[in-house]
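The values are calculated or read from the model by the stated rules, or taken from the named source; none is laboratory data. Keep in mind that this is a model prediction, so the values were computed, not measured. Note that we place each Cβ from the backbone using ideal geometry, even for glycine, and neighbour counts take in every protein chain shown. The accessibility values were calculated without ligands, DNA or RNA, using every heavy atom of the protein model including side chains. Shrake-Rupley method; radii C 1.70, N 1.55, O 1.52, S 1.80 Å.
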Amino acid sequence: MRETAPARATELLEWYDRHARTMPWRVPPAARAQGEAPDPYRIWLSEVMLQQTTVAAVTQYFERFTARWPTVADLAAADDGDVMGEWAGLGYYARARNLLKCARAVVADHGGIFPADHAALLKLPGIGPYTAGAISAIAFDLPEVVVDGNVERVMARLHDIHTPLPAAKPELTAAAAALTPKARPGDYAQAVMDLGATICTPRSPACGICPWRAPCLARANGTAADLPRKIPKKAKPVRLGIAYVVQRADGAILLERREDRGLLGGMLGWPGSDWAEEAPAPAPPLDADWHVLSEEARHTFTHFHLRLAVHVAQVSTGANPERGAFMALPEFQPAQLPTVMRKVYDLSRGVLREMG
DNA sequence: GAAACGTGGTA
DNA sequence: TTACCAAGTTT
């Protein structure tokens with residue numbers, strides 16, 4: 001093991017001043033130096049969207065949300081279904097449910113003003129240790145230790161830590177705490193994350209142009225690309241199910257709102273079976289002449305692969321389903337469906353056209 | 001501590 | 001095609 005000089009926050013801040021990425025919610029370092037402060041609502045919204053989600057995916061959702069709901073009070077007053085529909089496609093839908101709960105708590109308990117304090121933020125729905133620190137640091141420039149996946153990777157490499165995650169978390173947090181400066185903590189937090197996203201990347205890190213290449217132990221020892229170590233993930237089982245797509249003669253579509261918990265909770269979807277490793281017996285929502293599509297809808301979730309048989313029927317205007325409710329065509333927006341449900345719809349469109 | 005919880009991009 | 005990965009939180 002070689003020796004290196006310790007890393008310093010100032011080296012990273014100088015790099016950030018020249019290379020900060022542009023994001024719709026971000027106040028760039030030059031503007032911040034002029035005294036411009038970020039909007040805590042926009043920082044909170046972006047941070048919740050960015051949980052386990054890339055900047056590229058978040059940006060368009062962020063623009064739509066803030067155009068439709070410019071303030072936390074606007075969001076708190078929104079219809080639940082509208083918010084879930086706007087979130088559709090972004091994933092981890094508990095975030096959207098907690099987003100609404102949090103907005104309403106900020107209005108009801110904090111006068112519509114986000115608290116700056118880490119402990120107060122942590123009590124709000126959907127805000128955990130990382131997001132509380134990020135809001136406190138970025139929106140209020142408080143010297144919080146902000147540890148996300150980027151920071152864990154950067155610290156593991158800087159100190160050549162081989163302990164696998166998540167056991168390494170306390171060690172990596174301590175390393176991050178030792179580097180967090182009292183000056184410009186908001187810019188510093190964003191700088192480490194930008195570094196992790198653009199230079200100290202998971203695969204093929206660009207060590208040659210890294211502002212911390214001199215102090216980096218993993219760079220010196222040639223281990224950067226192998227860090228951080230992680231516990232291997234379990235294999236995903238396959239689950240099977242049936243989705244029922246029903247169109248009424250007037251064009252209306254049969255949908256149901258899923259329960260406010262668990263997988264895809266609160267989202268619109270097709271009536272259907274449970275999803276299990278055993279193929280389900282058909283249990284259609286109404287009697288009809290069902291057409292079974294030759295192609296299944298395939299989708300992979302966090303912890304299982306899903307194969308959905310798609311059953312399609314056209315019914316008369318007087319049809320009375322046991323489940324779900326008909327939605328008129330102008331109101332039905334496929335973009336408001338979670339991706340797996342949109343895949344089912346896309347497969348059904350050809351048959352629906354033939355029937356209608 | 002471990003599992004549940006989405007999706008799209010990339011190798 | 002498969003597997004890994006991304007600005008985590010909740011139970």
Distance between modelled label sites at A:Asp289 and A:Ala214, nm, 7 Å Cα→Cβ extension: 7.9 nm
Extent along principal axes [Cα atoms of the range A:238-355; Å; largest to smallest]: 39, 28, 25
HN-Hα J in Hz across the range A:75-89 - Karplus 6.51, -1.76, 1.60, θ = phi - 60°, x for Gly and Pro: 5, 4, 8, 6, 6, 4, x, 5, 5, 4, x, 6, 7, 3, x
Under the Debye formula (equal points on every Cα, no solvent term), log10 I(q)/I(0) of the range A:100-174 at q = 0.20 Å⁻¹: -0.83
Apportionment of accessible area to carbon and sulfur, chain A, percent (1.4 Å): 52 percent
Under 11 Å, Cβ to Cβ, from A:Met341 - net charge with Lys/Arg +1 and Asp/Glu -1: +1
Net charge of Cβ neighbours under 15 Å - reference A:Gly265; Lys, Arg +1; Asp, Glu -1: +1
Karplus 3J(HN,Hα) series, Hz, for the range A:255-271 with 6.51 cos²θ - 1.76 cosθ + 1.60 (x for Gly, Pro): 10, 9, 8, 6, 4, 6, 7, x, 4, 6, x, x, 9, 6, x, 7, x
Extent along principal axes [Cα atoms of the range A:169-258; Å; largest to smallest]: 69, 35, 28
Residue-averaged [θ]222 nm for chain A, counting only DSSP H segments that reach four residues, each worth -39500 (n - 2.57): -12000 deg cm²/dmol
Accessible area expressed per residue, chain A, with surrounding protein chains retained (probe 1.4 Å, Å²): 49 Å²
Antiparallel bridges, percent of DSSP beta bridges restricted to chain A (to nearest 5): 55 percent
Net length gained if the chain between A:Leu329 and A:Ala206 were fully extended (0.36 nm per residue, minus Cα distance): 39.2 nm
Evaluated over chain A, the Cα radius of gyration and Dmax, each in Å: 24.2, 79
Residues whose placed amide H lies under 5 Å from that of A:Leu165, excluding near-sequence neighbours: A:Arg229, A:Lys230, A:Ile231
For A:Val245, residues with placed amide H under 5 Å, excluding near neighbours: A:His311, A:Val312, A:Ala313
Among A:45-56, A:14-25, the order from most to least packed when residues are scored by Cβ within 10 Å on average: A:45-56, A:14-25
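Residues with beta-carbon under 12 Å from that of A:Gly149, excluding A:Gly149: net charge, scoring Lys, Arg +1 and Asp, Glu -1?
Numbers: positive: A:Arg153, A:Lys169, A:Lys230; negative: A:Asp148, A:Glu152.
That sum, taken over residues with Cβ under 12 Å, equals +1.
Highest first, please rank the peptides A:105-111, A:128-134, A:262-268, A:345-351 by the mean number of other Cβ atoms sitting within 10 Å of their residues.
On the way: A:105-111: 14.3, A:128-134: 20.1, A:262-268: 18.4, A:345-351: 16.7.
Ranking, from highest mean packing down: A:128-134, A:262-268, A:345-351, A:105-111.
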